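Below you'll find the structure, written out as structure tokens, and then a few comments.
The values are calculated or read from the model by the stated rules, or taken from the named source; none is laboratory data. Every value quoted in this text rests on a predicted model; they were computed, and no experiment measured them. Every residue, glycine as well, gets a Cβ built from its backbone with ideal geometry; the counts of neighbours run over all protein chains shown. Areas reflect the complete protein model, heavy atoms only, side chains present, ligands, DNA and RNA absent. Shrake-Rupley method; radii C 1.70, N 1.55, O 1.52, S 1.80 Å.
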Amino acid sequence: MKNYFSYSRLSGVLIIFTLASCRMGRNYQRPSVPLPQSFEQATAVSTDTNSIADISWRDYFSDRVLRTLIDSGITRNYDLKFALRNINIAQQQVRQANWLWYPQLTAGVSGQYNRFSDNGPAGIKNGALSNHSYDYLASLSMSWEIDIWGKFSRQKEASLANYLQSYEAAKAVQTRLVADIAQGYFNLLMLDQQLSETKKTLALTVDFVKLTHLLYDAGEVTYLGVQQAESQRLNTAQLVPQIEQAIQIQENSLQLLTGNLPGSVQRDVNLSDIHFNDTLATGLPVAILNRRPDVRANEMALVQANALVGVSQANMYPALTITAGTGFESLTASNWFNIPGSLFGLAGASLVQPLLQGRQLKTQFEIAKQQREKAVIQFRESVLTADIEVSNALIQVSQLREQENFARQRADTLTAAVNNAQLLFKNDMANYLEVITAQQTALDAQLSLAFVQRAELNARVELYRSLGGGWR
């Protein structure tokens, strides 16, 4: 008989441990995602795993002022601070998940006084010795749910995935922040160059107005020529406050990104002084899955959703809970902690199977599965978006480089045309309209050149970001 009970206990323990080894839900496996073999348009497939995304932003950007701005943004930007707080919250949730396997302990001390009714069931008139009583209690209780179906394991897995998601999301915020600061800085340099070229053209138009006045006084041109020259001067002069306004707004935008109050931004270089290494190593497209923080964040969201499916499934199965308690109880304070007289203890176990709960558990399980499918869609979309962004950035870098060559040639040609037009006008070999037209087209060419130069720099920044660079 003793052996029978020993085998029964051993069998019960083995059953519990066997059940505890079960984990509801399926383990995470990365879903298939369509990726090209190479980013390049060449027919041969690139096998180079190097990528500019592996370069630290301090090494990728060589300009001293820009690096100072980025450093300030990483330290003081409010969006990044907000994302870092999410990491701290998720970290606390992971720590809490680590305690799910441990028993829950509760300690308490209480004292109770009861005054019975004289006419009630416990009153004196009915034979009670006293119409009042005392009860003093000090207890320690334990409740321990055994992780039969791996629910706690899945909850910890979900909490850890949530932590990693917040961590990757913070890195994604930083990559976007670094790119936004760099592009804003290049836009500011573009505006500086446009303002400089506009002021140069304005000085030329002022001289031309003076010249037409002299020629009008000499009777060699009509007053219409003076009016046309003056109109051209005013049109150019109007651009100066417009560009200055754009400069101040761009400076404030950079100050917002870097967490500073509105004000001017120091810069000591020209737009043409900014250069990047011509090497455009992109690595293999599959590396985006690990290099792009936003893609990683979406994958961690999928891992979390997959684990929550297991949690919701485990909630539909029986829960085994072990309870125990001990303490001291007495009707008088004088012998409250009298041992062993006041000592009590209890122990128990329960196996509870949810039955009819208005289909809540089934609904939660079905919703969790749909949430997982949504996470799969979002993950695949983020991979496709990353691939498209890299491809677009490569196209822009390639095409804008060629556009800049043409824009520079055009600007140089039209600048020389202005000088020729002025000489011809002084020698009565060209009219005032030709000079005005030459000045206007030359200014447009210089403004366009600055725009193309800025666009090419921004494309290189976007390529760096789209490949996953900027968080190192």
Report yes if some residue within region 422-432 is touching a Lys or Arg at 6+ places or on another chain (Cβ under 8 Å) and touching a residue at least 40 places away in the same chain (Cβ under 8 Å); otherwise report no. no
All but one of (1) open to solvent by 50 Å² or more (accessible area, probe 1.4 Å); (2) more than 21 Å from the chain's Cα centre (by Cα) hold for TYR163; which doesn't? (2)
Conditions (1) of a type outside the set (S, T, N, Q); (2) open to solvent by less than 40 Å² (accessible area, probe 1.4 Å); (3) touching a residue at least 40 places away in the same chain (Cβ under 8 Å): number failed by LEU331: (2)
Looking at (1) open to solvent by 50 Å² or more (accessible area, probe 1.4 Å); (2) modelled with pLDDT under 80; (3) of a type in the set (A, V, I, L, M), find the lone condition where ALA107 falls short. (2)
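Can you tell which of LEU346, LEU351, LEU361 is more than 17 Å from GLY108 (Cβ to Cβ), assigned to a strand (DSSP E or B) and in contact with a Ser or Thr (Cβ under 9 Å, 6 or more places away or on another chain)? Lay out the reasoning, then the answer.
Working: LEU346 fails: more than 17 Å from GLY108 (Cβ to Cβ); LEU361 fails: assigned to a strand (DSSP E or B).
Matching residue, one of LEU346, LEU351, LEU361: LEU351.
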State the number of residues belonging to region 388-429 that are open to solvent by less than 40 Å² (accessible area, probe 1.4 Å), among the small types (Gly, Ala, Ser) and over 21 Å from GLU197 (Cα atoms). 2
Take region 275-328 and flag every residue that is under 30 Å from LEU105 (Cβ atoms) and open to solvent by less than 20 Å² (accessible area, probe 1.4 Å). ALA307, GLY310, VAL311, SER312, ALA314, GLY325, GLY327
Does region 430-448 contain any residue that is crowded, with 16+ Cβ neighbours inside 10 Å, among the charged types (D, E, K, R) and modelled with pLDDT of 90 or more? no
VAL240 vs. criteria free of Cβ contacts under 8 Å to residues at least 60 places away in the same chain and under 17 Å from ALA442 (Cβ atoms): yes
Does region 213-238 hold any residues that are farther than 22 Å from THR198 by Cα, modelled with pLDDT of 85 or more and surrounded by 13 or more Cβ atoms within 10 Å (Cβ to Cβ), and which are they? HIS213
Taking region 353-372 as the search range and keeping residues that are open to solvent by 80 Å² or more (accessible area, probe 1.4 Å) and under 31 Å from the mean Cα position of the chain (by Cα), which one is farthest from PRO31 (Cα to Cα)? GLN364
